[in-house]
1. Can you tell me the 0 to 90 degree angle between the C-alpha axis of helix A:133-150 and the longest principal axis of chain A, rounded to 10?
2. Please compute the volume of the convex hull spanned by the alpha-carbon atoms of the protein assembly as shown and report it per residue in Å³.
3. To the nearest 0.05, how large is the calculated FRET efficiency for A:N131 and A:K220 if R₀ is 22 Å and r is the Cβ-Cβ distance?
4. Quick one: if you stick a label point 7 Å off each Cα along the C-beta vector at A:R74 and A:Q31, how many nm between them?
5. Treat each spin label as a single point 7 Å out from the Cα along the C-beta direction, and report the B:V85 to A:A84 distance in nm.
6. How big is chain A along each principal axis, measuring the range of its Cα positions in Å and listing the largest first?
7. At q = 0.18, 0.25 Å⁻¹, what is the log10 ratio I(q)/I(0) for the stretch A:93-154, with the Debye formula run over Cα points and no solvent?
8. Per q in 0.19, 0.21, 0.23 Å⁻¹, report the Debye log10 I(q)/I(0) for the stretch B:31-105, using one uniform scatterer on each alpha carbon and no solvent.
2 protein chains.
Amino acid sequence: MALPTAAPRPFIHQQNLVEQVADYLTQAIIQQHFLPGERLSEVQLSRDLGVSRAPVREAARLLESRGLLISKPRRGFFVRALNAVELEDVFDLRLCLERHAIQRLTERYTPEAQRALKQQVEVLCEAAAGNDGTRRIEEDLQFHRLMLHYAGNERLLRAFDDLAHELRLCITLITKTHEAPDTIATSHFKLLDALDSGSPAACREAIDYHIGVARKFVVKGVGETGDSSDEG
Amino acid sequence: MALPTAAPRPFIHQQNLVEQVADYLTQAIIQQHFLPGERLSEVQLSRDLGVSRAPVREAARLLESRGLLISKPRRGFFVRALNAVELEDVFDLRLCLERHAIQRLTERYTPEAQRALKQQVEVLCEAAAGNDGTRRIEEDLQFHRLMLHYAGNERLLRAFDDLAHELRLCITLITKTHEAPDTIATSHFKLLDALDSGSPAACREAIDYHIGVARKFVVKGVGETGDSSDEG
DNA sequence: GTTGGTAAAACTGTCGACAGTCGGCAATCG
DNA sequence: CGATTGCCGACTGTCGACAGTTTTACCAAC
């Protein structure tokens with residue numbers, strides 16, 4: 001069974017201008033080089049990147065479908081600005097998907113899945129100890145991707161991946177408030193314990209707690225930085 | 001809707017070419033004017049529609065993000081072919097989303113929502129009595145969209161809308177086996193009754209039953225027509 | 001100082017064209 | 001006779017350009 005390939009490029013040709021532009025824009029947005037609500041000029045971008053407008057437009061469409069950009073006809077593309085309500089919605093949907101996933105997972109919890117998840121938690125803990133905030137987030141997401149993957153519904157995983165782009169957006173939006181390494185470890189080990197117990201109720205409780213913690217962190221962060229509510 | 005079988009009017013005049021092309025392609029795919037797995041030529045399409053390749057490409061990207069087309073680098077776009085497993089996954093995800101939605105709905109079941117849903121069921125029943133299969137499906141989906149809407153999470157609704165495109169794909173794929181009008185009515189009235197009762201357990205049971213029925217119909221249909229074995 | 005109108009600038013939507021690449025076919029070689 | 005290789009056609013990826021629209025800047029009037 002092929003492990004899910006998370007972010008950038010494990011393989012495959014990167015001679016694709018569209019993908020390159022999309023990656024560039026994604027990074028730029030997540031790292032806040034563009035402010036939320038900011039308008040992106042196609043000509044400006046194509047000049048900066050040294051390509052024509054066609055691949056820029058296609059990449060922008062791609063990011064629009066991922067919820068990172070918003071297109072307004074005859075106006076152009078704008079960086080998605082999440083307000084508090086939308087943020088709650090994102091985490092609520094995440095809860096919806098992961099509850100379902102973990103329930104399915106209890107019905108097909110193979111030793112292979114157990115091993116892979118445990119290993120990923122270790123990787124995550126290692127990453128959490130370091131300073132690279134981006135990597136910590138990616139390893140965290142990768143753990144959840146693994147859960148979704150072993151839940152045995154690829155479409156469910158795709159839905160999570162779609163959502164993950166927005167998750168990155170609002171998580172890195174408040175990169176200052178990051179959880180302590182031991183909190184992360186505890187939180188994920190609880191998930192593993194619940195899965196090992198085989199009890200759906202315990203799993204549900206664990207995932208509710210887990211996502212609730214993450215949600216609280218982000219909501220708190222938005223409260224501190226002030227929510228970005230401007231988008232006509 | 002006048003769908004061109006051989007030679008469409010080579011001219012579409014309205015503002016948004018991309019959306020028009022996307023709508024045209026969506027209809028054409030759903031109504032099986034293109035077979036699953038078939039390759040779509042950009043030049044051919046742009047010639048037929050009387051537009052340039054740029055809007056065709058953008059529309060194709062859009063449909064790719066909706067899961068109706070699949071892009072292979074340097075090869076072009078292919079009509080998505082769903083196999084049995086993917087089909088199960090689609091309905092499982094639908095179950096995931098609607099379970100969550102109906103649970104939320106019980107917590108905020110306003111008279112307005114009640115009225116709107118009831119009215120939509122009546123519209124649906126009326127549509128079910130007629131012969132227009134497409135309209136019946138649309139009104140059915142619209143009822144569920146309303147449920148998702150009144151569940152109060154716009155992101156959840158968007159996830160459903162994304163999925164709905166694939167639902168249409170596999171439902172109309174087997175348009176012959178359509179449910180009897182009274183079955184549709186009964187099934188939806190059960191949902192309304194469950195919501196009126198205010199019991200989350202009853203709601204969950206109702207939605208599980210409802211989607212289970214729909215799933216069975218489609219799975220049966222695929223079994224009859226033979227599953228469209230997929231893309232390499 | 002503010003407001004309203006007009007004109008210029010910038011931008012998006014769309015188009016046609018060119019180059020690199022892929023798949024298929026046929027001629028050639030073992 | 002089967003496999004390999006070179007060629008040909010078709011197609012996608014990308015580009016620069018044009019037209020219509022939106023935004024902005026400027027100037028005049030109150």
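1. That works out to roughly 60 degrees.
2. On the way: hull volume 74.1 nm³, N = 464.
Looking at the protein assembly as shown, the number lands at 160 Å³ per residue.
3. 0.55
4. 3.7 nm
5. 4.5 nm
6. Here the Cα extents, ordered largest to smallest, are 56, 41, 32 Å.
7. Here the Debye-derived log intensity ratios amount to -0.65, -1.00.
8. Results for the stretch B:31-105 at q = 0.19, 0.21, 0.23 Å⁻¹ read -0.84, -0.94, -1.05.
No lab work stands behind these numbers, since they all come straight from the coordinates. Every value quoted in this text rests on a predicted model; they were computed, and no experiment measured them. Quick reminder, even Gly has a Cβ in these numbers, built from the backbone with ideal geometry, and neighbours come from all protein chains shown.
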